[in-house]
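Right, I'll just put the structure down here and ask away after.
The values are calculated or read from the model by the stated rules, or taken from the named source; none is laboratory data. Note that this is a predicted model, so its numbers are computed, not measured. Cβ placement follows ideal geometry from the backbone for every residue including glycine, while neighbour counts extend to all protein chains displayed. All accessible areas refer to the heavy atoms of the entire protein, side chains included, with ligands and DNA or RNA removed. Shrake-Rupley method; radii C 1.70, N 1.55, O 1.52, S 1.80 Å.
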Amino acid sequence: MIKCGRPRKGEELLSRDRLLDTASDLFLEYGYGNLSLETIARDARVSMRTIYSQFGGKSGLFGAVIRRCSDQFVSDLSEEQVLESSPEDALVFFAKQFLHRITRPDVVRMRAILIGESPRFPDLATQFYEQGPQRTLDHLAQFFARQQKTGYFAAMDPHFLADLFLSTLRSEKFQKLQLGLAPTPDEAEIDVWVRQAVGLFLRGSLKHGQEGRD
């Protein structure tokens with residue numbers, strides 16, 4: 001029997017996930033400018049109307065792909081997790097997850113696509129930054145603001161701390177990776193990378209007197 005009417009919520013979620021999975025694969029394969037919504041709709045087995053109603057078009061769909069990825073970043077500094085560990089352990093955990101994700105070949109490729117096509121599609125750059133880096137930065141700033149209230153970090157702009165921490169993590173290693181001059185780091189290499197970066201960052205940002213408390 002052919003089912004008619006509105007799909008159930010679970011079916012809607014599966015359809016959305018399939019669409020985002022398909023769109024992500026196609027963006028990686030074709031880039032942004034060379035990929036049509038018709039191709040995405042066909043491969044995802046959805047209608048063009050569905051894409052427009054849910055995402056507003058290709059730019060919105062790309063933003064949703066990025067947001068789904070960034071959901072993992074912001075969850076890595078959840079309040080529950082922070083309450084169960086020290087601020088240093090929370091930063092180490094976040095940093096390992098962050099570096100593991102941004103150094104994966106598909107993520108490096110997605111960033112390369114964005115950098116190459118953003119001059120022609122400024123909305124693309126906006127979608128990427130707002131749904132990805134900006135959300136991560138804001139969530140990290142909230143973490144630092146909470147820890148400043150406990151007296152752990154020095155009193156300074158928490159967004160500056162967040163920006164500085166992310167910059168410390170990326171370092172020149174990520175630049176070389178983005179240019180194809182370095183291989184994808186393995187778990188052991190990321191662990192060393194994180195320990196060095198977090199240690200250096202903490203020595204410069206702890207509130208005076210915290211150095212001897214941990």
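When residue 73 is evaluated against the numbered criteria (1) at pLDDT 85 or above; (2) buried (at least 18 other Cβ atoms within 10 Å of the Cβ); (3) within 21 Å of residue 171 (Cβ to Cβ); (4) in contact with a Lys or Arg (Cβ under 9 Å, 6 or more places away or on another chain), which criterion, by number, is the only one it fails?
Failed condition: (1).
So residue 201 ticks every box in (1) out of contact with any Leu (no Cβ under 8 Å at 6 or more places or on another chain); (2) in a helix (DSSP H, G or I) but one. Which box is left unticked?
Just one mismatch for residue 201, condition (1).
Right, next: Please determine whether any residue of region 86-108 is modelled with pLDDT of 85 or more, small (Gly, Ala, Ser) and farther than 16 Å from residue 166 by Cα.
Within region 86-108 (the criterion being modelled with pLDDT of 85 or more, small (Gly, Ala, Ser) and farther than 16 Å from residue 166 by Cα), the answer is yes, since at least one residue qualifies.
Here is a further query. So which residues in region 114-153 are farther than 19 Å from residue 94 by Cβ, of a type in the set (A, V, I, L, M, F, W, C) and not in a helix (DSSP H, G or I)?
Hit for region 114-153 is 121, nothing else.
List every residue pair whose Cβ atoms sit under 9 Å apart, with the two residues 6 or more apart in sequence or on different chains, where the first one lies in region 15-26 and is in contact (Cβ under 8 Å) with a residue 24 or more places away in the chain and farther than 17 Å from residue 67 by Cβ and the second, anywhere, is among the aromatic types (Phe, Trp, Tyr) and assigned to a helix (DSSP H, G or I).
Once the first residue is in contact (Cβ under 8 Å) with a residue 24 or more places away in the chain and farther than 17 Å from residue 67 by Cβ and sits in region 15-26, no partner that is among the aromatic types (Phe, Trp, Tyr) and assigned to a helix (DSSP H, G or I) comes close enough.
Let me ask another. Looking only at region 92-125, which residues are open to solvent by 30 Å² or more (accessible area, probe 1.4 Å), in contact (Cβ under 8 Å) with a residue 24 or more places away in the chain and closer than 21 Å to residue 72 by Cα?
Listed by number, the residues that qualify are 96, 97, 100, 101, 104, 105, 106, 107, 109, 111, 112.
Additional query: What tally of residues in region 126-165 results from selecting those that are among the aromatic types (Phe, Trp, Tyr), over 27 Å from residue 35 (Cα atoms) and surrounded by 15 or more Cβ atoms within 10 Å (Cβ to Cβ)?
Of the residues in region 126-165, 5 are among the aromatic types (Phe, Trp, Tyr), over 27 Å from residue 35 (Cα atoms) and surrounded by 15 or more Cβ atoms within 10 Å (Cβ to Cβ).
Of everything in region 172-206 that's more than 30 Å from residue 116 (Cβ to Cβ) and of a type in the set (Lys, Arg), which residue is surrounded by the fewest Cβ atoms within 10 Å (Cβ to Cβ)?
203
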